[in-house]
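Trainee: Before I ask anything, here is the structure I am working with.
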Amino acid sequence: MTGSIKLGASWGSDGPEAGYFPFYVSLIIIISSAIMLYQAAIVNKKKKMESFVDKESFGQVLAVLLPAFVFVLGVQLIGIYVSLFVYIAIFMVWLGKYPIWKAVAVALGVSAALYFMFEYWFQVPMPHGSWINPLEFLGVN
């Protein structure tokens, strides 16, 4: 919010200044956070504290969150395209109960489509892996 003020958070002669929208989004977030803090600390203090999630729901959340964390780590180590292929294939087989051949086909198609879209059409290089680049044998640097 303070950075938005430095950029200019008002309406200029030619429209909104650079910090106008970030300032008001920050203001909404701060007001919402203050209301939630008030409700949690003052209003709901008298209520009995109970868990908002049961074990089964928490397990489902972890079943998605932990592989997503591994995917993000994999993007850094082996690149986005190989990590995406593995991520999609595992999720389709594990959670979607799809046959392996369908999972591999979809994962390969999505990874290839994103590769061509970013690397060739938009010419935006995506992470190829700092630890090892598994696509290097195909000439992808």
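The values are calculated or read from the model by the stated rules, or taken from the named source; none is laboratory data. Every value quoted in this text rests on a predicted model; they were computed, and no experiment measured them. In this analysis, Cβ positions are derived from the backbone assuming ideal geometry, glycine residues included, and neighbour counts consider all displayed protein chains. Just so you know, the surface numbers come from the protein's heavy atoms only, side chains and all, with ligands and any DNA or RNA stripped out. Shrake-Rupley method; radii C 1.70, N 1.55, O 1.52, S 1.80 Å.
Trainee: Assess whether residue 39 counts as being assigned to a helix (DSSP H, G or I) and surrounded by 13 or more Cβ atoms within 10 Å (Cβ to Cβ).
Mentor: no
Trainee: Scan segment 93-103 residue by residue and report those that are open to solvent by less than 60 Å² (accessible area, probe 1.4 Å) and either within 14 Å of residue 79 (Cα to Cα) or assigned to a helix (DSSP H, G or I) (or both).
Mentor: Across segment 93-103, the qualifying residues are 93, 103.
Trainee: While we're here: I need every pair where a residue in segment 53-64 that is under 14 Å from residue 91 (Cβ atoms) has its Cβ under 8 Å from the Cβ of a residue that is open to solvent by 100 Å² or more (accessible area, probe 1.4 Å) and not polar (S, T, N, Q), sequence separation at least 6 or different chains.
Mentor: Within 8 Å, no pair qualifies.
Trainee: Follow-up question, since we're still on this one. Return the total of residues in segment 16-36 being open to solvent by less than 60 Å² (accessible area, probe 1.4 Å), among the hydroxyl-bearing types (Ser, Thr, Tyr) and within 13 Å of residue 5 (Cβ to Cβ).
Mentor: 2
Trainee: Another question, then. Any chance segment 48-63 includes a residue that's under 30 Å from residue 128 (Cα atoms), among the aliphatic types (A, V, I, L, M) and exposed (fewer than 12 other Cβ atoms within 10 Å of the Cβ)?
Mentor: Yes, some residue in segment 48-63 is under 30 Å from residue 128 (Cα atoms), among the aliphatic types (A, V, I, L, M) and exposed (fewer than 12 other Cβ atoms within 10 Å of the Cβ).
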